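Enquirer: Okay, handing you the structure first.
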Number of protein chains: 2
Amino acid sequence: MMSKNIPNRILLTENELPKQWYNVRADMPEQHDPFINPTTMKPAVKEDFYPIFAEELCKQEFSTERYIDIPEEVQAYYKMYRPSPLHRAYNLEKILDTPAKIYYKYEGSNTSGSHKLNSAIAQAYYNKEQGITHITTETGAGQWGTALAMACSFYNIPLDVYMVKISAEQKPYRKAVIETYGANVIPSPSNTTNVGRAILEKDPNCTGSLGTAISEAVEKATSTPNTRYALGSVLNQVLLHQSIIGAESKLQLEKVDEYPDIIIGCAGGGSNLGGLISDFMGDKLTGKANPYFIAVEPAACPSLSRGKYAYDFCDTGHVTPLAKMYTLGSGFIPSSIHAGGLRYHGMSPIVSKLYHDGYLDEARALFQNHIFDAATLFAKTESILPAPESAHAIAAAIDEAKKCKEAGEAKTILFGLTGNGAYDLAAYMNYKAGNMQDYAPTDEELEKGFATLPKIPGIQE
Amino acid sequence: MMSKNIPNRILLTENELPKQWYNVRADMPEQHDPFINPTTMKPAVKEDFYPIFAEELCKQEFSTERYIDIPEEVQAYYKMYRPSPLHRAYNLEKILDTPAKIYYKYEGSNTSGSHKLNSAIAQAYYNKEQGITHITTETGAGQWGTALAMACSFYNIPLDVYMVKISAEQKPYRKAVIETYGANVIPSPSNTTNVGRAILEKDPNCTGSLGTAISEAVEKATSTPNTRYALGSVLNQVLLHQSIIGAESKLQLEKVDEYPDIIIGCAGGGSNLGGLISDFMGDKLTGKANPYFIAVEPAACPSLSRGKYAYDFCDTGHVTPLAKMYTLGSGFIPSSIHAGGLRYHGMSPIVSKLYHDGYLDEARALFQNHIFDAATLFAKTESILPAPESAHAIAAAIDEAKKCKEAGEAKTILFGLTGNGAYDLAAYMNYKAGNMQDYAPTDEELEKGFATLPKIPGIQE
């Protein structure tokens, strides 16, 4: 008989909402190599970032303080949808007939549909506090654009979202929800920037790319008075804001006397993974515990598992600072897969450093059909339809639970369920029809991407 | 200064989940007039319903017991997403500058996107218990079809969903989510039933209607061995299952020492409204309290506010039992509006009787643009994008809060936020583009509908 002393959903009251973000950099024995200013090709200081991001966010980007207070106004917004529930996957465990105990932290019940809102609120707030009157950003799949539109609507800041033109056309509902929250959606490339005009002059029918959209959003921010840019992943500030995911999870597990043996997150730019693992990684770095961390990537875009640890641009347009990270090269074009949020050539510098130094234990690349098998089983047993990105973590959790069954081990597994799949039904239709392609780049294709890594005199020849 | 002792979200633990459904009929001084068997045109007994619904559900349809135990297996599924949160709308109150205290019960964070899952689980369970091996139903907008597909997947019962053909074509993602949970979607009219074949013979391009879909689902259920039909609204059993909404809400308000002065629900077939108000109506009927109840309908389909209290068929195909209810006539064709879930000619017999006898205080019919104004304001302030159906309740709550401001009264308002708008972005686009039509039927159009009311010898001439 299964003991049911542990509830299906472990809830926290709003008084238990963490009041500080935990900065894992404080406990890292070594910091990631410094950012490089793309203009001077010299190590960057935080002031180099001031024209792009709000100052407080630039300070967070460079901070190694252990705890940073969550402003009360940010807490007030968090309390509208947080603390988020931690679920015990009793039904999944039962159908897998595994002795493993599986927990998942669900971030998908807010309207943006994912964890992205956690950083969007913070970024909008700090811009508002500085008196910034206009924000720009880009969006591809649309989760980040939705989240920032919600946050900017809440703090009443006008927002321009450069949305990859083909996405804006293929996903009119994503565009509609962003506009409902009052943001201005500009299909990219557009005639509102030099970058966009130059591209359109060459090819008026260009359908756009995330790289171009970032370049346009940054140009618009840096060339418009009192305007800044916001980014939803990769950056240290974003991981800091997302640390609330792990802090809550740890508190929730403590309430039921549990500590995870294995922690699993999907990894694109690293915002969810970094946020989920931060508090637990702190325990590992300070010798308090030794959980096993697994990052799960799409086989089509395996930056940690097959990439190089090198300096690279964060965008394909080469307007952003360079970061030392695991990368496939900013010129690498990942095949079109359904987990659009994981289709990024690089990886958060913090996550990259933790992996390089052996604290993040494993990176695993999975094929699409495998993750949709897992997503469907999860939906039928746990009732929540997962986003394809999140399904990467589900698939790895199921694989680990099966290993536990073979070994007869009752391990405790925690994974991040970053979002819901309400806007991903086209992917589920594709899967059900048997049309989903399993694809991994060849070594030759990877080499082509690596060939686009920049040369930096004295640093990376 | 606003006191913030009351949290933004009032949560209950799973141990606080109600273990019984409350049956408001137990406290009604008079019962609604009996159902009528469409074959004999005589008052129906519960056995007449056995070929259509699982027996336990037929018993509930006729029961006047005050409390009915929620089976443990149903509770187990409820605990995966319930108790649902009760929110205090601090930000909405602030922007309205009202002394009113506004609370909303949010049922939209499960994958079906609405409260429909509460009854779907119960109906699937009782069918499973009886050894029924196959269920049929119909769906228009898709919320009920999704909910029942989820529940049938959970209890492992094959399900046929007759989906109005035009909906299946216009809403491929709704069809996809239903199929992901393993249900079989059959665009209606189809060649799987006599009713469907007859229609297709006359008009091979017929795009279908909810009436036809119900007729096909009922025919399939009654003509297939060991098969039953399930319906997501109108029925007494459905209101019983949905009473969990009100029971939780009352408990949540008690925790913060509140009791609502005004309770507002949107009303289509009455499942949400009836469920939300049941426990509070019990207080009114037994003299413990005297809250003011408001049912909010679309102006395009005003069954309570402009309909007749008469016997009518529950479907346009005339295969179901007849009920005494407020109705526009089963031949009334409501104009195409964006709150598809409220586009029903009749109203729950219980809700109808309560309104007829003056316990349900007011029925209010609102235009679409007004409700989308409210939906947009709500999304921007409270962060949740509401379903158009739910937005009817929001609009009335805002109107009441404005009256409180004028009168300087700090009333406590509770409304039901039945679902989220993730699948309703086409409606928001239409609204934003200024293309939304405000429409109410003329008296002549209503008369045409009333002319379709059935004549029943000795009962309704």
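The values are calculated or read from the model by the stated rules, or taken from the named source; none is laboratory data. A quick note: this is a predicted structure, and the numbers were derived from the prediction, not measured. Because the Cβ atoms are built from the backbone with ideal geometry, glycine has one as well, and the counts that use them run over all protein chains shown. Calculation scope for accessible area: heavy atoms of the full protein, side chains included, ligands and nucleic acids excluded. Shrake-Rupley method; radii C 1.70, N 1.55, O 1.52, S 1.80 Å.
Enquirer: Over region A:122-172, what relative contact order in percent results from Cα pairs under 8 Å that are six or more residues apart?
Expert: The value is 43 percent.
Enquirer: Given the DSSP H assignment, sum -39500 (n - 2.57) over each helix run of at least 4 residues in chain A and divide by its residue total; what's the result at 222 nm in deg cm²/dmol, nearest 500?
Expert: -12000 deg cm²/dmol
Enquirer: So how strong a dipole does the protein assembly as shown carry about its Cα centre when Lys and Arg Cβ are +1 and Asp and Glu Cβ are -1, to the nearest 20 debye?
Expert: Using only the charged Cβ atoms, the result is roughly 100 debye.
Enquirer: For B:ILE6, place a label point 7 Å from Cα along the Cα-to-Cβ direction in every copy; what are the distances to the other copies, in nm, shortest first?
Expert: Label-point separations across copies, in nm and ascending: 3.6.
Enquirer: For A:ASP97, place a label point 7 Å out from Cα along the Cα→Cβ vector, do the same in each other copy, and report the separations in nm, one decimal, smallest first.
Expert: So the label point of A:ASP97 gives 6.7 nm to the other copies.
Enquirer: Hey, another quick one. Just want to confirm a number: the relative contact order over chain A, from Cα pairs under 8 angstrom separated by 6+ residues, in percent.
Expert: 19 percent
Enquirer: With +1 assigned to the C-beta of every Lys and Arg and -1 to the C-beta of every Asp and Glu, and no other charges, what is the dipole magnitude of region A:400-461 about the Cα centre in debye, to the nearest 20?
Expert: Computed charge dipole of region A:400-461: roughly 340 debye.
Enquirer: Right, another one. Which distance in nm do the two modelled labels at A:LYS308 and A:LYS255 give, with both placed 7 Å along the Cα-to-Cβ direction?
Expert: 4.8 nm
Enquirer: A further question on this structure: What does the copy distance list look like for B:LYS42, label position 7 Å along Cα→Cβ, in nm and ordered from shortest?
Expert: Taking the point 7 Å beyond Cα along Cα→Cβ, the inter-copy spacings are 10.0 nm.
Enquirer: PRE reach from A:SER335 (point 7 Å along Cα→Cβ): which of region A:281-303 fall under 18 Å by backbone N?
Expert: Under cut-off, by backbone N: A:297-303.
Enquirer: What do you get for Rg/Rh of chain B when both radii come from the Cα atoms and Rh is the Kirkwood radius?
Expert: In chain B, Rg relative to Rh is 0.94.
Enquirer: Could you work out how far helix A:271-285 tilts from the main Cα principal axis of chain A, as a 0 to 90 degree angle to the nearest 10?
Expert: Roughly 60 degrees, rounded to the nearest 10.
Enquirer: Under 22 Å between alpha carbons, and skipping anything fewer than 8 positions from B:LYS455 in its own chain: which lysines qualify?
Expert: B:LYS42, B:LYS308, B:LYS324, B:LYS353
Enquirer: Given region B:95-200, what count of lysine pairs have C-alpha atoms under 23 Å apart, with each pair 8 or more places apart or on different chains?
Expert: Pairs that pass both the separation and distance tests number 6.
Enquirer: For B:LYS255, go through the aspartates and glutamates and keep the ones whose alpha-carbon is under 12 Å away, minus same-chain ones fewer than eight residues off.
Expert: Leaving aside aspartates and glutamates fewer than 8 places away in the same chain, those within reach of B:LYS255 are B:GLU16.
Enquirer: I've got another one for you. Ignoring any ligand, DNA or RNA, what whole percent of the accessible area of region A:180-275 comes from carbon and sulfur when the probe is 1.4 angstrom?
Expert: So the carbon and sulfur contribution to the accessible surface is 50 percent.
Enquirer: Hey, another quick one. Would you jot down the residues in region A:5-23 that end up with at least 30 Å² less accessible area in the complete protein assembly than in the chain alone, with a 1.4 Å probe?
Expert: At a threshold of 30 Å² (probe 1.4 Å), the residues of region A:5-23 that become less exposed are A:ASN8, A:ARG9, A:LEU11, A:GLU14.
Enquirer: Related question: Using protein heavy atoms only (no ligands, DNA or RNA), what is the total accessible area buried between B and A, 1.4 Å probe, nearest 100 Å²?
Expert: 3700 Å²
Enquirer: Next question, about the same structure. In nm, to one decimal, how far is the modelled label at B:ALA451 from the one at B:LYS432, with both set 7 Å along Cα→Cβ?
Expert: In this crude spin-label approximation the distance works out to 4.3 nm.
Enquirer: Provide the gained length on full extension for the span A:TYR50 to A:GLU444, in nm with one decimal, where the gain is 0.36 nm per separating residue minus the Cα-Cα distance.
Expert: My answer for the length gained is 137.9 nm.
Enquirer: What order do B:MET325, B:MET429, B:MET41 take when sorted by accessible area (1.4 Å probe), most exposed first?
Expert: Descending order: B:MET429, B:MET41, B:MET325.
Enquirer: To continue, here is another question. Of all accessible surface on region A:313-461 at a 1.4 Å probe, what whole percent is carbon and sulfur?
Expert: Exposed carbon and sulfur together represent 51 percent of the surface.
Enquirer: Turning to a different aspect of this structure: Could you do me a favour and compute the accessible area per residue for the protein assembly as shown, 1.4 Å probe, result in Å²?
Expert: Computed with neighbouring chains in place, this is 35 Å² per residue.
Enquirer: Indicate the residues belonging to region B:102-137 that lose 20 Å² or more of solvent-accessible heavy-atom surface (probe 1.4 Å) upon moving from the chain alone to the assembly of all protein chains, ignoring ligands and nucleic acids.
Expert: Those residues are B:SER109, B:THR111.
Enquirer: Set the Förster distance to 51 Å, then compute FRET efficiency between A:GLU73 and B:ASN194 from the Cβ-Cβ distance, nearest 0.05.
Expert: 0.20
Enquirer: Could you give the nm distance between label points at B:GLU461 and A:GLN31, where each point is 7 Å from its Cα heading toward the beta carbon?
Expert: Computed distance between label sites B:GLU461 and A:GLN31 equals 9.4 nm.
Enquirer: Which value in Å is the Kirkwood Rh of region A:325-403 over different Cα pairs? Spell out each step's value before the answer.
Expert: Numbers: mean 1/r = 0.0712 Å⁻¹.
Its Kirkwood hydrodynamic radius stands at 14.1 Å.
Enquirer: B:LYS288: which aspartates and glutamates have alpha carbons under 16 Å from its alpha carbon, excluding same-chain residues fewer than 8 sequence positions away?
Expert: B:ASP27, B:GLU254, B:ASP257, B:GLU258, B:ASP261, B:ASP279
Enquirer: Run the dipole for region A:308-376 about the Cα centre, Lys and Arg Cβ at +1, Asp and Glu Cβ at -1, nothing else charged, and hand back the magnitude in debye, nearest 20.
Expert: For this selection, approximately 140 debye.
Enquirer: Hey, another quick one. Return the Rg/Rh value of region B:383-443, two decimal places, where both radii are evaluated on C-alpha atoms and Rh is the Kirkwood radius.
Expert: Value, to two decimals: 1.07.
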